[in-house]
Amino acid sequence: MAPFVSTALPEGRPKKIERPPWHGTCLYQHETSPWFEESLRLATENRRKVAVPPGHTAKSLEEALLDLANILGQEWVKLNDVPLIDGDYHAVPLSHDSYHILDPGDFVASAVCWPANTEEVSKTVVWANKWKVPIWPLSIGRNLGYGGSAPRVRGSVVLDLGRRMNKVLNVDVENAVCLIEPGVQYVTLYEYLQSIGVGNDLWIDVPDLPGGSVMGNALDRGVGYTPYGDHWAHHIGMEVVTPTGEIIRTGMGSMEGSECWQLFRYGFGPHQDGIFTQSNFGIVTKMGMELLPNPGGVRVFMAAFPKYADLHEAIEVIRPLMIRKVIGNVPMVRLGLQDASLYKTRDDFELDERGVVKPESAQKVIEELNTGAWVFYAALYGPDEVTLAKYQYIQEQFHRRIPNTKFYQREDVPENHYLHNYARFTTGIPTWRELDRMKWIPNAAHLFFAPLSANNGKDAGRQANMFRARMEEYGFNYLGTFFIGTRAMHHVISFMYNRKDVAEKKKALACIRALIADAASIGVGEYRTHLALQDQVAKTYNWNNGAIMKFNEQLKDALDPNGILQPGRSGIWPKDYRGKGFELWGGEERSNLVENQDGLNLTLTP
Ligand SMILES: Cc1cc2nc3c(=O)[nH]c(=O)nc-3n(C[C@H](O)[C@H](O)[C@H](O)COP(=O)(O)OP(=O)(O)OC[C@H]3O[C@@H](n4cnc5c(N)ncnc54)[C@H](O)[C@@H]3O)c2cc1C
């Protein structure tokens with residue numbers, strides 16, 4: 001293998017990240033996208049009817065949207081009557097959830113609008129209150145696996161903030177912090193830092209795929225791979241439009257003239273920031289994010305554990321390494337088969353009668369790839385001598401408890417090995433490598449089941465066994481990864497399903513609902529979930545008769561008396577919606593309310 005250049009050095013850090021010309025989110029397919037012709041044809045043959053939100057008729061919605069077009073400008077409000085083309089990760093449609101798990105026409109907006117700045121967001125919120133139209137803000141709309149760009153209530157108006165509010169407003173190099181708008185993607189922030197000459201000194205944290213919004217991901221409390229992998233934990237100060245249209249700044253930003261908005265997280269009195277994550281209490285228009293100063297080197301490695309049962313011991317070894325900060329990043333342990341799905345498709349394996357990969361077939365591929373039943377990826381930071389000492393210490397710790405553990409560094413693996421991509425992830429360089437997984441099955445979509453696990457072998461082991469058995473019962477392979485924090489782990493399990501196969505989608509939905517119930521029965525809760533499942537997951541957070549939801553509802557009713565902002569997000573419904581059939585508990589393919597709204601033919605002719 002050719003010698004590789006360290007991703008911690010300027011020569012290992014590309015200035016630009018390649019992507020197709022159609023990379024973006026769109027209501028109408030981009031002219032260069034492979035779906036453009038199809039979208040034109042379908043649009044001509046069969047223009048879709050517009051979904052009308054609860055409490056509206058086509059006529060009243062039309063009046064409301066004309067009013068919005070007057071406020072924002074006609075070109076910045078468009079009806080969502082386009083064909084529901086799923087596209088791909090690079091061409092994410094704003095028309096619907098492209099990884100739909102219900103009918104694709106279920107969670108759809110009536111229209112999309114593009115405010116230009118905070119004031120226009122505020123005006124849009126005031127407009128929504130006036131007309132009582134539900135609205136749904138997006139930063140980019142790539143929340144794939146959790147609902148994509150779709151709103152929870154059919155007929156809501158989507159605010160695509162990313163299109164026009166996409167600037168890096170400030171980079172404070174000395175303090176390693178930046179201030180961004182919603183539309184700043186990981187890939188664009190990385191390139192921006194390169195363009196101003198600080199891309200080697202200041203690193204960002206990237207998740208698996210860098211097309212998402214730095215802000216949107218943090219607001220959904222997403223995770224990445226560097227020491228700043230807990231994205232929400234590294235935000236610092238926000239500007240928020242409340243559900244009645246006021247504009248507030250949090251932390252030190254609430255003081256006129258303060259220079260510490262992006263330097264000190266708290267201000268005076270209650271700390272509000274957390275209530276704007278995974279919630280429907282405000283629209284964030286600016287956010288500070290900490291940047292990681294280049295720590296002076298990186299050493300990435302992979303450890304492969306031979307037996308499935310080794311998971312317990314592996315996590316027991318990892319916990320003290322995390323708590324004592326021997327390992328500096330958010331490392332991961334993933335199932336060998338999940339790792340193999342980067343290189344192979346399901347057709348490369350022998351399946352049993354349920355459609356599950358046979359263990360002996362998985363083992364054969366694992367041996368061919370020279371990995372293990374579980375694989376561990378981690379990064380150590382600092383000068384070479386420091387990381388070498390740590391690496392040797394870590395090897396000793398594993399060998400004591402799992403003697404057959406195999407270790408690999410970049411020089412030990414072939415060029416197409418994920419470890420080289422991992423070196424990019426852990427130094428904040430965007431890569432599209434995770435898209436290789438989409439080749440696993442035709443028309444692949446992801447649905448994530450993402451419970452939290454204590455950082456110990458017992459919890460990890462019982463979860464893996466329990467969820468694997470349930471998934472196999474439904475004919476799905478358990479494809480699990482533990483993203484390891486200091487004291488807890490995100491156990492992210494990917495359902496890969498064929499989104500064109502209605503029966504398979506139904507099965508995936510039934511299975512994930514069973515998993516949520518299984519998890520709750522042993523006190524395990526999800527950290528994040530798909531729109532269709534948020535009512536169910538919220539209900540599992542049930543201590544003291546669900547006191548937390550009562551509190552959330554009090555906040556919702558006080559902050560958003562008209563219930564216009566993201567009704568239903570995280571299972572929080574405004575008073576006018578509660579108990580009226582909007583909640584999705586399972587068993588339904590589409591809610592009754594959705595059926596009633598079909599068939600309205602709206603035209604917007606300003
Ligand atoms: C193969 C694959 C791998 C993935 N890997 C990861 C991973 O490693 N880590 C990870 O975290 N996720 C991962 N995801 C999930 C998802 O793609 C990312 O989290 C993505 O960053 C979320 O989309 P977004 O950034 O465009 O956010 P958006 O879709 O813009 O927003 C996410 C949510 O926050 C709300 N929101 C957005 N902006 C605002 C705002 N300004 N004010 C108020 N609310 C707002 C939205 O309503 C939405 O509910 C993965 C998905 C796939 C398919």
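Annotations for the structure displayed:
- G480 meets the conditions (1) open to solvent by 10 Å² or more (accessible area, probe 1.4 Å); (2) within 16 Å of the ligand (Cβ to nearest atom) in every case but one. The failed one is (1).
- Residue within segment 379-391 that is open to solvent by less than 30 Å² (accessible area, probe 1.4 Å), under 28 Å from Y478 (Cα atoms) and assigned by TED's automatic domain parsing to the domain that holds M332 present: yes
- Selection status of A519, part of a helix (DSSP H, G or I), more than 12 Å from L447 (Cα to Cα) and in the same structural domain as L342 (by TED's automatic domain parsing): yes
- Selection from segment 541-563 of residues that are open to solvent by 10 Å² or more (accessible area, probe 1.4 Å) and touching a residue at least 40 places away in the same chain (Cβ under 8 Å): N552, L555, L559, P561, N562
- Residue check for K439: closer than 30 Å to Y527 by Cα, in contact (Cβ under 8 Å) with a residue 60 or more places away in the chain and either in the same structural domain as L189 (by TED's automatic domain parsing) or exposed (fewer than 15 other Cβ atoms within 10 Å of the Cβ) (or both): no
- Residue within segment 29-49 that is hydroxyl-bearing (S, T, Y), open to solvent by less than 20 Å² (accessible area, probe 1.4 Å) and within 26 Å of the chain's Cα centre (by Cα) present: yes
- Meets criteria (among the aliphatic types (A, V, I, L, M), buried (at least 18 other Cβ atoms within 10 Å of the Cβ), in a helix (DSSP H, G or I) and touching a residue at least 40 places away in the same chain (Cβ under 8 Å)) for A445: no
- Unmet requirement for F268, which otherwise passes all of (1) hydrophobic (A, V, I, L, M, F, W, C); (2) more than 15 Å from T226 (Cβ to Cβ); (3) in contact with a strand residue (DSSP E or B) (Cβ under 8 Å, 6 or more places away or on another chain); (4) surrounded by fewer than 22 Cβ atoms within 10 Å (Cβ to Cβ): (3)
Condition check ((1) closer than 22 Å to I315 by Cβ; (2) free of Cβ contacts under 8 Å to residues at least 24 places away in the same chain) across all residues:
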site	(1), (2)
L342	no, no
E350	no, yes
V365	no, no
E368	no, yes
G372	yes, no
L380	yes, no
K390	yes, no
I394	yes, no
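- Residue satisfying all of: in segment 516-540; open to solvent by less than 30 Å² (accessible area, probe 1.4 Å) and over 23 Å from P104 (Cβ atoms); nearest to the chain's Cα centre (by Cα) among these: Y527
- Every residue from segment 486-514 that is open to solvent by 40 Å² or more (accessible area, probe 1.4 Å) and either assigned by TED's automatic domain parsing to the domain that holds Y99 or free of Cβ contacts under 8 Å to residues at least 24 places away in the same chain (or both): V502, A503
- Unmet criterion (only one of (1) more than 30 Å from S494 (Cβ to Cβ); (2) touching a residue at least 24 places away in the same chain (Cβ under 8 Å)) for K59: (2)
- Verdict on G328 being within 16 Å of the ligand (Cβ to nearest atom) and over 30 Å from E472 (Cβ atoms): no
- Being over 24 Å from the mean Cα position of the chain (by Cα), closer than 29 Å to A128 by Cβ and part of a helix (DSSP H, G or I) is a property that holds for G253.
- Residues being within 16 Å of the ligand (Cβ to nearest atom) and part of a helix (DSSP H, G or I) - total across segment 186-238: 14
- Contact annotation: residue pairs with Cβ atoms under 7 Å, 6 or more positions apart or on different chains, pairing a residue in segment 564-583 that is at pLDDT below 95 with a partner that is open to solvent by 40 Å² or more (accessible area, probe 1.4 Å) and away from the ligand (no atom under 16 Å from the Cβ), are G581/N592; G581/L593; F582/L593.
The values are calculated or read from the model by the stated rules, or taken from the named source; none is laboratory data. On a predicted model such as this, the values are computed, not experimentally measured, just so you know. All Cβ positions, glycine included, derive from the backbone under ideal geometry; neighbour counts span all protein chains shown. The area values use the complete protein model at the heavy-atom level, side chains included, leaving out ligands, DNA and RNA. Shrake-Rupley method; radii C 1.70, N 1.55, O 1.52, S 1.80 Å.
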